[in-house]
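A.B. asks: Sharing a structure with you now.
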Amino acid sequence: MLKIEGRKARKHKGRGARHAPAATHCTLFSVQHWLFAAMGIAFLLTARCTPPPDGGGNDGTEPVFPTNYRSVFAEVRDCRLGIEHGGVMFRVYANEIARDAYLDNQDPLPVGSVLVKEEFDGPGCTDDSDLFQWRVMRKEAPGFDPDDGDWHWQRVLADRRVVEDTKASCIRCHRDPECLRRDYMCTEP
Ligand code: HEC
């Protein structure tokens, strides 16, 4: 009897030892903790960077293209990989004023032309959650920027915050002779 109890006890102890990965539970638990902490930090960062509802956070600069551009613009360059803008998938939309002139490689394009380059950080151009920003050009009236074809340049994030509103970072590439002869338009047909 005693022996059996002893064996049972040992067996129990053994099983206890096998269940011992209390340490593992502990580790899992703290991993979860870290995840929560990371999510919290991510949330705080996002919250801090989200513009207030009045559209502020970008000095009130509005994007030069409408929110519904996909239904009123035409796709003039289909989905492809662009290496110049950092290895992103992109496609180009043109408004009614620009469409035919853009497709004909005209120089200059008419005043009021708007070109919207959608940039995706995923494998294609169909998943809108991969659409992270737009690069946009709008042809303004003569005198806006006579040195560079009177184009208004913008880089706009997916939440429509305008983060660049000048040609400063854009123009060195778009002055390439290949682009210049098509009024600063760079995308190959
Ligand atoms: C490193 C060079 C480079 C810079 C910087 C650059 N672009 Fe471009 N851009 C290109 C090239 C090349 C294309 C053609 C598509 C491609 O290969 O990505 C293009 C295409 C475009 C298009 C599509 C219309 C067309 O055919 O040209 C727009 C709109 C555009 N860029 C706007 C901008 C704006 C706005 C900026 C600045 C915020 C900018 N780009 C900065 C090289 C550049």
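All of the numbers you see were taken from the coordinates with simple rules; none came from a lab. As the structure is a prediction and not an experimental result, all values here were calculated from the model.
A.B. asks: Quick one: what does P(r) look like for region 69-180 with 5 Å bins over all Cα pairs, in whole %?
C.D. replies: So the P(r) values, bin by bin, are 2, 12, 20, 26, 23, 13, 4, 1, 0.
A.B. asks: Grab the Cα-Cα distance for Asp100 and Ser71, subtract it from 0.36 nm times how many residues apart they are, and report the gain in nm with one decimal.
C.D. replies: Values: separation 29, 0.36 × 29 = 10.44 nm, distance 1.69 nm.
Between Asp100 and Ser71, full extension yields an extra 8.7 nm.
A.B. asks: On a full-extension model of 0.36 nm per residue, what is the gain between Phe132 and Cys173, subtracting their alpha-carbon distance, rounded to one decimal in nm?
C.D. replies: Numbers: separation 41, 0.36 × 41 = 14.76 nm, distance 2.10 nm.
Answer, rounded to one decimal: 12.7 nm.
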